[in-house]
Amino acid sequence: MSKKFLYLIPAVFICLNAIAQDSNFKSYTQKIGGSPQVYDMVAIPGGEFTMGSPATEKGRRADEGPQHKVKIEPFWMGKTEVIWDIYDLYAFKNMEKEMAARHPDPEKSVQKTDASTRPSPPYVDMSFGMGRSGYPAINMTQYAAIHFCKWLYEKTGIFYRLPTEAEWEYACRAGSKTAYSFGDESKIDEYAWYRKNSDAAYKKIGTKKPNAWGLHDMHGNVMEWTLDQYIPDYYAKQPKGEAYAPVTELYPTAVRGGSWDDEPADLRSAARTASKPEWKILDPQLPKSEWWMTSASFVGFRVVRPLKTPSAEEIKAYYSPKLIEDY
Amino acid sequence: MEQNRRNFLKASGLIAGGAILKPMSGYGSNSAVGETIKVALIGCGGRGTGAAAQALSTTQNVQIVAMADAFKDRLDDAYKNLTAKKYKNAAGALVDTKTKIDVPDDRKFVGFDAFKKAIALKDVDVVILATPPGFRPSHFEEAVKNDKHIFMEKPVATDAPGIRKVLELAEEAKKKKLNVVVGLQRHYQANYREAIKRIHDGAIGDIVGGQVYWVGSSPWMKERQPSQTEMEYQMRNWYYFNWLCGDHISEQHVHNIDVANWVKKGYPVQIQGTGGREVRTGKAYGEIFDHHTLDLIYADGTVISSQCRQFEGTWNRVDEAFVGTKGRIDSFDGKKTILKDYKGGVIYQHDDKGDRNPYQVEHDELFAAIAKGEYKFADAENGAKSTMTAIMGRMATYSGKMIAWDEALKSDINLFPDKLAWDASPKILPGPDGLYPVAVPGKTQVI
């Protein structure tokens, strides 16, 4: 599985010079045809960065080391976390139908394909009363987030996927080497929603300052899924050339960015979070939902698009993650 | 009462303090693992299977020995899912499904009378009742008659005759000292327990108002298959038929209505409300409404408002809030369980660190009591009265009338089919256009 995926991942050390960062590589707005929804994508130039944190960093944990160099190929990343307004179109077929009827567009109807595998409808309200329109979608599983990317691909024809941990940290740092992209903790309230200023709820996307590359809410608001299995000592034992850890077990997988419910240390660029079975603690069913976490109101995601589009076969493989049942 | 296995458990629990018990003779290989509490699962959907897994995850020696469902495929799936993995119990020890799930084919019961056969098994100590709620009164009856301890999911009925039956049986269960836990899990959730204890102690004065909500999105729906009889279709798509589900006001919103009753230490004497089908109007959605809003009027004149709806793409809230003469609680949700006074002071703030899964706590406490031979849980009466409150709410929104508790409880409108069989007719049938008749406020009779 991992070999197949290498092609998809920009961080493998292939000849970087071959990739021209041409004039077409610009930030853009992805329209979701046949609906009024749009999603802003920011062009992230390729480069090399130091992943992880120095032992001297305040709040640093052992899983953030050793620091090591990683090369990243150019990609686009969502300017913000994916909001419910878009996620609900994918999660609720009825909403998608309704939207298609209201915004007829024969060429780009949001209903033009219907091959999507969709989440089962949740029994409880997954926004937990924190707000829906304009707020980040939360409580989805990593599996559901990958299927969202597939849905988006079917609707737009453009390959989207979850970021790797390396891409995520690279984009979060935006060239910085400090604990946060904005420097030290002193300016945290200008950039992040976290435990002290969130009044125990997530906030609308993009209401704090962006980082140097124009990405909002990389620190705080909601944590974000990555593509990786969480392996605490991965930086030490990472196989050469492998840019990420493919998922083989349901738990833990790697989540980044800290949330409205976290302390400042959890919001640092290098901070890593491991997903837990307890994030489904309030799911009373067996097997537990493959689509919803039920108790992870602090986890959402944003998507990336690699500059180099993988082959149709690779795309198909990416969008067919193995379902690991959760008992 | 005859000296059966369950009584022996209680007696020996009293004598030996539950600590040293001789292995009982029983099914298959279980004698090797010492004393066991034997469970029959009635209703093998996702929730029933989850409840069985929670029973297995207690620290008691629990064994699932029988399963029953109307549908063979549901039972087979549940068995497969239950045996697919080893569980860890609350103490972190591995639960061996090979010995803990001892359900050979002759203790897998399928069909409308499957529950009777499973409950009648002499060695069964506890039954989990997790079928669609319409069946609950008859299943509860069978369980009480057979002297079983009971875990039953909410709601506990779908009409007034069903509620009356559960109330009668609740008394009988008390006399027999049968532990009954109802799956209104907020009663087993630490933040509710702690905050409501303080409210009852007067922390925010007398409760004079409040709001309870289940404002969320629409759950699953099962498409009609060409081969299905009307009975099979309604059973598969049970959420949308009142004889099975009770409408979502009862199936789901009963949780929040129950919290209002719990906080008020009583049940509404009158309810009026409004509701309808606004979004979910197609023939796939049976007869239930997609939104209801109620005034719950209590004996002291307090009005608590209640809202439930199942719309997609809207503002949502599943929560409760109450106003007292000295303070208020705005939310029980997660970290917001905070009792405040009117000067901005915090009277009590619940710290949810270390709080346990309330679905698991229900089973932990039930099985601990059973193992010790204690009689500790009599949830059926409240379960029935809170379910009745939700049914009254449905009566109010369907009729558009002010509904009084006493009249509602006396109602003889029985939604249950006269006969249960795959080729028998439920009482509500689709018209020529495939649409089911739906209540019309001002016209529909509910009592």
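The values are calculated or read from the model by the stated rules, or taken from the named source; none is laboratory data. These numbers were taken from a predicted model, which means no experiment stands behind them. So basically every Cβ, Gly included, is an ideal-geometry build from the backbone, and we count neighbours across all protein chains shown. All accessible areas refer to the heavy atoms of the entire protein, side chains included, with ligands and DNA or RNA removed. Shrake-Rupley method; radii C 1.70, N 1.55, O 1.52, S 1.80 Å.
In the stretch B:240-330, which strands (runs of 3 or more DSSP E) lie fully inside it and hold 3 or more residues that are in contact with a helix residue (DSSP H, G or I) (Cβ under 9 Å, 6 or more places away or on another chain) and not hydroxyl-bearing (S, T, Y)?
Here the list reads B:270-276, B:291-297, B:303-310, B:317-324.
Being open to solvent by 50 Å² or more (accessible area, probe 1.4 Å), of a type in the set (A, V, I, L, M) and in contact with a Phe, Trp or Tyr (Cβ under 8 Å, 6 or more places away or on another chain) is the filter; apply it to the stretch B:83-96 and report the residue that is farthest from the other protein chains (Cβ to nearest Cβ).
Of everything passing the filter in the stretch B:83-96, B:L94 is farthest from the other protein chains (Cβ to nearest Cβ).
For A:S295, work out the one condition from (1) within 16 Å of A:H147 (Cα to Cα); (2) open to solvent by 10 Å² or more (accessible area, probe 1.4 Å) it doesn't fulfil.
(1)
Would you mind telling me which numbered condition in (1) within 20 Å of the chain's Cα centre (by Cα); (2) open to solvent by 20 Å² or more (accessible area, probe 1.4 Å) B:K343 fails?
Unmet condition: (1).
Any idea how many residues of the stretch A:68-90 are free of Cβ contacts under 8 Å to residues at least 60 places away in the same chain and open to solvent by 10 Å² or more (accessible area, probe 1.4 Å)?
2
Within the stretch B:140-148, does at least one residue satisfy the condition of being open to solvent by 20 Å² or more (accessible area, probe 1.4 Å), part of a helix (DSSP H, G or I) and within 14 Å of another protein chain (Cβ to nearest Cβ)?
No.
Only one of these is crowded, with 19+ Cβ neighbours inside 10 Å and part of a loop (DSSP other than H, G, I, E, B): B:A371, B:A421, B:A439. Name it.
After applying the criteria, what remains is B:A439.
Tell me, which residue of the stretch B:69-91 that is of a type in the set (F, W, Y) and not in a helix (DSSP H, G or I) is modelled with the lowest pLDDT?
B:Y87
Going by the conditions given, is B:Q63 assigned to a helix (DSSP H, G or I), under 25 Å from B:E374 (Cβ atoms) and of a type outside the set (D, E)?
No: the conditions fail for B:Q63.
Can you tell me how many residues within the stretch A:119-138 are hydroxyl-bearing (S, T, Y) and under 14 Å from A:L89 (Cα atoms)?
2
Quick one: A:E81 ticks every box in (1) touching a helix residue (DSSP H, G or I) at 6+ places or on another chain (Cβ under 7 Å); (2) part of a loop (DSSP other than H, G, I, E, B); (3) away from chain B (no Cβ under 14 Å) except a single one, so which number is it?
(1)
Out of everything in the stretch B:97-106 that is farther than 19 Å from B:H363 by Cα and at pLDDT below 95, what residue ends up being nearest to the other protein chains (Cβ to nearest Cβ)?
Across the stretch B:97-106, the extreme among qualifying residues is B:K98.
Matching residues to (1) under 16 Å from the mean Cα position of the chain (by Cα); (2) assigned to a loop (DSSP other than H, G, I, E, B):
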site: A:A265; (1), (2): no, no
site: A:T273; (1), (2): yes, no
site: A:L282; (1), (2): no, yes
site: A:Q285; (1), (2): no, yes
site: A:E290; (1), (2): no, yes
site: A:S295; (1), (2): no, yes
site: A:R305; (1), (2): yes, no
site: A:P310; (1), (2): no, yes
site: A:K322; (1), (2): no, yes
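Given the criteria over 30 Å from B:Y240 (Cα atoms) and surrounded by 23 or more Cβ atoms within 10 Å (Cβ to Cβ), does B:K174 qualify?
Answer is no for this residue.
Among the residues of the stretch B:317-333 satisfying the criterion of being within 25 Å of the chain's Cα centre (by Cα) and touching a residue at least 40 places away in the same chain (Cβ under 8 Å), which is farthest from the other protein chains (Cβ to nearest Cβ)?
My answer is B:F322.
If a residue has to be over 16 Å from the mean Cα position of the chain (by Cα), more than 10 Å from chain A (Cβ to nearest Cβ) and outside any strand (DSSP E or B) to count, how many in the stretch B:34-55 make the cut?
Residues that pass the stated criteria total 3.
For residues that are away from chain B (no Cβ under 14 Å) and either basic (K, R) or part of a loop (DSSP other than H, G, I, E, B) (or both), scanning just the stretch A:121-155, find the one that is most open to solvent (accessible area, probe 1.4 Å).
That would be A:K150.
Any idea which residue in the stretch A:117-147 is farthest from A:R161 (Cα to Cα), counting only those that are within 19 Å of the chain's Cα centre (by Cα) and of a type in the set (F, W, Y)?
A:Y135
Does B:Y359 qualify as being facing another protein chain (nearest Cβ under 9 Å), at pLDDT 95 or above and over 30 Å from B:T281 (Cβ atoms)?
Criteria met by B:Y359.
Starting from the stretch A:156-184, keep only residues that are free of Cβ contacts under 8 Å to residues at least 60 places away in the same chain, then list their pairs with residues that are β-branched (V, I, T) and open to solvent by less than 10 Å² (accessible area, probe 1.4 Å) whose Cβ atoms are within a distance under 9 Å, requiring at least 6 positions of separation or different chains.
If the second residue must be β-branched (V, I, T) and open to solvent by less than 10 Å² (accessible area, probe 1.4 Å), the pairs left are A:A174/A:I44; A:F182/A:I188.
Looking only at the stretch B:207-236, which residues are surrounded by fewer than 21 Cβ atoms within 10 Å (Cβ to Cβ), of a type outside the set (D, E) and within 14 Å of chain A (Cβ to nearest Cβ)?
Correct list: B:Q211, B:S218, B:P219, B:W220, B:M221, B:K222.
Return yes or no: is A:E107 at pLDDT below 95, more than 12 Å from every other protein chain (Cβ to nearest Cβ) and open to solvent by 50 Å² or more (accessible area, probe 1.4 Å)?
It is true that A:E107 is at pLDDT below 95, more than 12 Å from every other protein chain (Cβ to nearest Cβ) and open to solvent by 50 Å² or more (accessible area, probe 1.4 Å).
How many residues does the stretch A:271-292 contain that are in contact with a strand residue (DSSP E or B) (Cβ under 9 Å, 6 or more places away or on another chain) and open to solvent by 50 Å² or more (accessible area, probe 1.4 Å)?
Number satisfying all stated conditions: 2.
Restricting attention to the stretch B:237-269, which residues are of a type in the set (S, T, Y) and within 14 Å of chain A (Cβ to nearest Cβ)?
Of everything in the stretch B:237-269, those that are of a type in the set (S, T, Y) and within 14 Å of chain A (Cβ to nearest Cβ) turn out to be B:Y239, B:Y240.
Name the residue, out of B:K80, B:K116, that is open to solvent by 30 Å² or more (accessible area, probe 1.4 Å), without any contact (Cβ under 8 Å) to a residue 40 or more places away in the chain, within 14 Å of chain A (Cβ to nearest Cβ) and not hydrophobic (A, V, I, L, M, F, W, C).
B:K80
For B:E365, are the conditions met, namely being in a helix (DSSP H, G or I), more than 23 Å from the chain's Cα centre (by Cα) and away from every other protein chain (no Cβ under 14 Å)?
Considered against the rule, which asks whether it is in a helix (DSSP H, G or I), more than 23 Å from the chain's Cα centre (by Cα) and away from every other protein chain (no Cβ under 14 Å), B:E365 comes out as no.
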